[in-house]
Amino acid sequence: MLKHLLKEEWRIHSSLFGGKKFALFPIMVFLFAVIGFYSLEILPITSFEAQVGLHWFILFFGLNVGTIGFVSESGMKNVLGEINLILFSSRTLPVSRKNVLGNFLLKDIIYYFFWFILPVVFGNLVLTFSPFHILSVTFTYTLAFVLGFLTTFFFSTLYNTSRSLAGVTALILVSITGLYVLRHGLSVLPVFQLWIEPSKLNFLYSAIPIFIFAAVGFVLFGRGKPIKSRRKENAFKDLTKKMDALNAKNILDLKRSSGGIGKIFFSYTVLFVFVWLIINYFPFGDTVFRSPLLILATLFGVFPVSIYNWLNRYDSAGDYLYLPLVKEDVVEGKIRSYILLGPVSVVLVVLISFLIFGGTILELLHGLTIALIISLSMLSVVSKLTGLRPNTKLFNTSVFIKFMILGGAVISPFLVLSIVFESFLIWRNLMFVALYLLFGTINYIYLRKILG
Amino acid sequence: MSVIETKNLSKSFEDVEAVEDLDLTVEEGQLFGFIGPNGAGKTTVINLLTGQLKPSSGDCEVMGIDPVKEPKEVRKRVGILPEREDPPSFFTPQEYFEFVGNIRGIQDVDEKIDEWSERLKFKDKLNKLNKDLSKGEKQKVMVVQAFLHEPDLVFIDEPLINLDPVMQEIIKNYLVEYMENDKTIFLSTHVMNLANEVCSHIGIIDNGRLVKQGKLKEIKEENEDLTEAFLRLVK
């Protein structure tokens with residue numbers, strides 16, 4: 001079973017990304033890791049701090065992989081087309097669901113170990129050739145990934161059993177973790193402590209949550225109540241009074257799919273917490289971030305890419321081709337929906353940040369404009385590069401590199417200017433205005449071409 | 001007057017020749033049964049005729065329009081029931097029909113929804129989410145969307161799939177009635193009984209090539225039913 005599941009995963013990726021292009025992904029991860037470790041020499045970050053961040057990052061990556069693995073069958077169909085996976089084979093073959101599930105989880109851990117964790121481990125060779133270091137990071141990175149991955153597994157099974165219980169548990173866990181991190185700092189993460197001080201006790205602290213999440217998840221798996229056939233009031237008619245039909249469909253898809261509109265807030269909260277942690281717990285935050293609001297606004301401008309991903313999760317161009325629509329119409333609909341949701345959401349996040357981090361009115365105005373311009377620029381970049389398939393194409397190595405280059409070209413000048421920003425220096429304000437005009441014009445031309 | 005006309009129409013996917021030099025003519029008012037074994041190229045032909053695919057070579061016209069140049073215009077004028085498509089998961093049937101009505105510019109969509117939900121007996125399902133419907137109910141929804149604007153030409157691919165015998169009978173009768181109102185139906189199927197019962201004309205495709213085309217009676221030899229004729233021609 002495990003062998004066939006691994007083969008299936010490989011074939012899903014190779015059919016999604018065309019040929020074996022996706023095999024380059026680990027090489028790209030390795031290169032990013034090498035660049036990251038090399039840049040420690042010029043950045044005011046110690047390798048200790050880098051390892052803390054990396055363990056957390058891998059844990060977040062595990063959380064994300066778990067989310068992909070447990071999207072519904074219909075969600076998977078929308079991304080992958082008409083498929084049937086070995087995961088569902090217990091319906092037709094004499095094999096238990098839990099047996100298939102166990103192998104499925106193991107398969108994901110093995111697959112992502114080679115696809116993501118090992119390349120990051122090899123990136124460590126820039127720091128040291130010490131076999132002990134390499135072996136220890138291999139172990140603790142893997143544990144961090146498994147912890148994230150099984151946390152999502154646990155919550156997905158809990159959610160299927162009782163939504164309210166899942167909500168309360170999540171709230172309790174996030175609060176405890178948050179308070180603990182606030183009090184003791186990011187290095188409190190047990191798998192990181194294990195890396196710092198390999199001991200039986202630290203191993204137990206790392207392994208116990210993994211064991212609990214796996215065990216409870218397995219017990220709860222398949223115990224969810226069957227989904228009732230749901231009735232809905234006609235919301236389409238009202239929406240089409242305010243927007244076009246495709247736009248209305250996109251909004252309903254977002255609203256009625258698992259997690260509702262709340263999943264956007266969840267994505268934003270995770271990203272917000274991540275950025276907030278960096279600002280608060282890395283020493284360069286104080287020295288480099290002269291105007292935290294502007295740096296944050298620049299980073300927040302990228303957040304709505306997750307909205308574009310959500311908007312494209314529930315359909316594909318093929319779903320519309322029996323109607324008098326072409327792919328371009330569908331892309332246009334997605335862009336209109338993004339424009340409806342993305343800019344409003346970044347304005348909100350910048351305003352919240354202003355309340356938390358403070359700043360002058362001038363900074364607030366710059367922050368709002370930066371976030372809006374970047375959110376529209378990222379829309380242009382992601383829609384141009386991925387069309388209606390951001391959820392798969394961004395995992396294609398060449399597309400991802402182009403995304404990084406184009407996205408970087410938009411963000412970098414804003415980041416640099418934000419770092420050196422002094423509100424009383426007129427020329428720096430004028431440079432911001434010049435950037436607004438430049439990117440505003442580019443976006444206007446691109447979006448006008450699409451939206452007509 | 002011909003509503004579908006193809007000349008040397010071919011489509012290949014890498015090394016697979018899915019459709020080869022297809023010369024096909026379908027006249028107005030026909031219920032044209034396009035039959036062939038699995039993988040013969042039936043769905044590919046529908047996709048070519050409705051501009052969902054571009055041909056590798058050859059020409060085609062649907063209601064006087066080239067689907068390669070004007071795919072949207074063709075799809076505006078015709079109805080399409082795809083074989084494998086489900087209605088959008090997070091719409092209810094009611095909302096989905098309104099969506100289709102909006103895209104197609106249908107004026108009296110509410111009346112039509114009433115009429116169809118009565119005909120296919122799913123009034124009580126109109127406000128349920130499509131994703132929670134059974135396969136048969138989803139198929140009913142897809143049938144309705146294809147006929148909602150009463151197009152002059154409808155492409156239907158395996159319309160009876162997942163439907164119970166009562167519903168199959170209702171659909172079959174409707175198809176015949178529709179044809180009798182001077183509308184044209186291009187019916188792709190490998191269900192011989194269906195083709196035999198409702199079609200006025202037949203085209204048989206095998207390995208991407210049209211092996212026979214004509215009136216239903218002309219396809220069959222003496223004392224032969226359509227299945228026997230099909231097996232003889234397809235071998």
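The values are calculated or read from the model by the stated rules, or taken from the named source; none is laboratory data. Every value quoted in this text rests on a predicted model; they were computed, and no experiment measured them. Cβ placement follows ideal geometry from the backbone for every residue including glycine, while neighbour counts extend to all protein chains displayed. In case anyone asks, the SASA skips ligands and DNA or RNA and just uses the protein heavy atoms, side chains included. Shrake-Rupley method; radii C 1.70, N 1.55, O 1.52, S 1.80 Å.
In the stretch B:2-233, taking the dipole from charged Cβ atoms about the Cα centre, the farthest positive-side position among B:LEU22, B:VAL74, B:GLN94 is held by B:GLN94.
If only the Cβ of Lys and Arg carry +1 and only the Cβ of Asp and Glu carry -1, the dipole of the protein assembly as shown around its Cα centre is close to 2480 debye. Given R0 = 25 Å, the distance between the Cβ atoms of A:ILE27 and B:ASP15 translates into a calculated FRET efficiency of 0.25. The label point for A:SER47 and the one for B:GLU150, both projected 7 Å from the Cα toward the Cβ, are 7.9 nm apart.
Quick note on the stretch B:1-132: its Rg to Rh ratio, both from C-alpha atoms and Rh being the Kirkwood radius, is 1.03.
Roughly how many percent of the accessible protein surface of the protein assembly as shown is carbon and sulfur, given a 1.4 Å probe and a whole-percent answer? Can you show the working numbers first?
Values: 20130 of 32460 Å².
Here it works out to 62 percent.
Using a 1.4 Å probe and counting only protein heavy atoms, arrange A:THR392, A:THR441 so the residue with the most accessible area comes first. Walk me through the numbers on the way to the answer.
Numbers: A:THR392 5, A:THR441 75 Å².
Result of the area sort, largest leading: A:THR441, A:THR392.
Dipole check for the stretch A:324-386: with +1 at the C-beta of Lys and Arg, -1 at the C-beta of Asp and Glu, and the Cα centre as origin, the magnitude is about 120 Debye.
Quote to one decimal, in nm, the extra length available between A:LEU425 and A:VAL273 on full extension: 0.36 nm per residue of separation minus the C-alpha distance between them. Intermediate results must be reported in sequence, preceding the final value.
Values: separation 152, 0.36 × 152 = 54.72 nm, distance 3.14 nm.
Taking A:LEU425 through A:VAL273 to full extension adds about 51.6 nm, to one decimal.
What the stretch B:2-233 shows is 43 Å² of accessible area per residue, with the surface traced by a 1.4 Å probe over protein heavy atoms. Compared with its chain on its own, the stretch A:227-258 contains the following residues whose accessible area drops by 40 Å² or more in the full protein assembly (probe 1.4 Å; ligands, DNA and RNA excluded): A:SER229, A:ARG230, A:ARG231, A:LYS232, A:ASN234, A:PHE236, A:LYS237, A:ALA245, A:LYS249, A:ARG256.
Modelled this way, with points 7 Å down the Cα-to-C-beta line, the labels at A:SER14 and B:VAL234 are 3.2 nm from one another. Using only side-chain charges placed at the Cβ, +1 for Lys and Arg and -1 for Asp and Glu, the dipole size of chain B relative to its Cα centre rounds to 480 debye. In terms of Cα to Cα distance under 15 Å, which aspartates and glutamates are near enough to A:LYS107, apart from those fewer than 8 places away along the same chain? Output for A:LYS107: A:GLU8, A:GLU9.
Backbone amide hydrogens, once placed in the peptide plane, bring B:GLY33 within less than 5 Å of B:LEU187, B:SER200, B:HIS201, B:ILE202, B:GLY203, excluding anything fewer than 5 places away on its chain. Accessible surface calculations at 1.4 Å, restricted to protein heavy atoms, place chain A at 49 Å² per residue.
Taking every DSSP bridge with both residues inside the stretch B:2-233, close to 55 percent are antiparallel.
The stretch between A:LEU127 and A:TYR436, if pulled fully straight at 0.36 nm per residue, gains 107.2 nm over its current Cα-Cα span. Simple spin-label estimate for A:THR161 and A:THR177 gives 1.9 nm between the two label positions (7 Å along the Cα-to-Cβ direction from each Cα). What are the residues of the stretch B:106-152 that lose 30 Å² or more of accessible area, with a 1.4 Å probe, going from their chain alone to all protein chains? Correct list: B:ASN127, B:LYS128, B:LEU129, B:LYS131, B:ASP132. Projected onto its three principal axes, the C-alpha set of the stretch B:54-113 covers 41, 26, 14 Å, listed from the longest axis down.
If I model chain B as equal point scatterers sitting on the Cα atoms and use the Debye formula, what is log10 I(q)/I(0) at q = 0.13, 0.14 Å⁻¹? Ignoring solvent entirely, the Cα scatterers give -0.78, -0.90. Among A:TYR314, A:ILE27, A:SER39, whose Cα projects farthest towards the positive end of the dipole of the protein assembly as shown, with charges put on the beta-carbon of Lys, Arg (+1) and Asp, Glu (-1)? Looking along the dipole axis, the top candidate is A:SER39.
Tell me the GluC sites (Glu not before Pro) within the stretch B:19-52 that lie in a loop according to DSSP and have at most 16 other beta-carbon atoms within 10 Å. Mind dumping the intermediate values first?
On the way: sites: B:GLU20, B:GLU27, B:GLU28; in loops: B:GLU28.
Passing sites in the stretch B:19-52 are B:GLU28.
Candidates B:HIS190, B:PRO151, B:GLN52 compared by Cα position along the dipole of the stretch B:2-233: farthest toward the positive end lies B:GLN52, with charges placed on Cβ.
Excluding ligands, DNA and RNA, what is the accessible area buried between chains B and A, summed over both sides, using a 1.4 Å probe, to the nearest 100 Å²? So the buried area, both faces added, is about 3000 Å².
Quick check on my link table: of B:LYS112/B:LYS215; B:LYS135/B:LYS212; A:LYS327/B:LYS217; B:LYS172/B:LYS235, which ones sit more than 30 Å apart, alpha carbon to alpha carbon?
Flagged as over cut-off: B:LYS112/B:LYS215; B:LYS135/B:LYS212; A:LYS327/B:LYS217.
Stokes-Einstein diffusion coefficient for chain A at 10 °C in a medium of 1.306 mPa s, Rh from the Kirkwood formula over Cα pairs: what value in µm²/s?
Here the translational diffusion coefficient equals 66 µm²/s.
Rounded to whole numbers, the Karplus 3J(HN,Hα) couplings from phi for the stretch B:60-66 are 8, 9, 10, 6, x, 10, 7 Hz, using 6.51 cos²θ - 1.76 cosθ + 1.60 with θ = phi - 60°, and x at Gly and Pro. How far is the Cα center of the stretch B:71-130 from the Cα center of the stretch A:157-212, in Å? That distance is 49 Å.
Between B:ASP182 and A:LEU340, what's the calculated FRET efficiency when r is the beta-carbon distance and R0 is 51 Å? Round to 0.05.
0.70
Each Lys or Arg adds one and each Asp or Glu takes one away; over the other residues whose Cβ falls under 12 Å from the Cβ of A:ARG97, this sums to +3.
Working note: Karplus 6.51/-1.76/1.60 with θ = phi - 60° gives the stretch B:133-147 the couplings 7, 6, 4, x, 5, 5, 5, 4, 4, 5, 4, 4, 4, 6, 9 Hz, where Gly and Pro are set to x.
Kindly identify residues of the stretch B:59-74 having a loss of at least 50 Å² in accessible area between the isolated chain and the assembly of all protein chains, probe radius 1.4 Å. Those residues are B:LYS72. Treating r as the C-beta distance of A:ARG448 and A:VAL219 and R0 as 60 Å, the FRET efficiency rounds to 0.60. Any chance you could check the Cα centroid distance between the stretch B:51-66 and the stretch A:103-126 for me, in angstrom? Spelled out, the Cα-based centre of one part sits 48 Å from the other. The helix-based estimate of mean residue ellipticity at 222 nm for chain B, built from -39,500 (n - 2.57) per DSSP H run of four or more residues and divided by its residue count, is -10500 deg cm²/dmol to the nearest 500.
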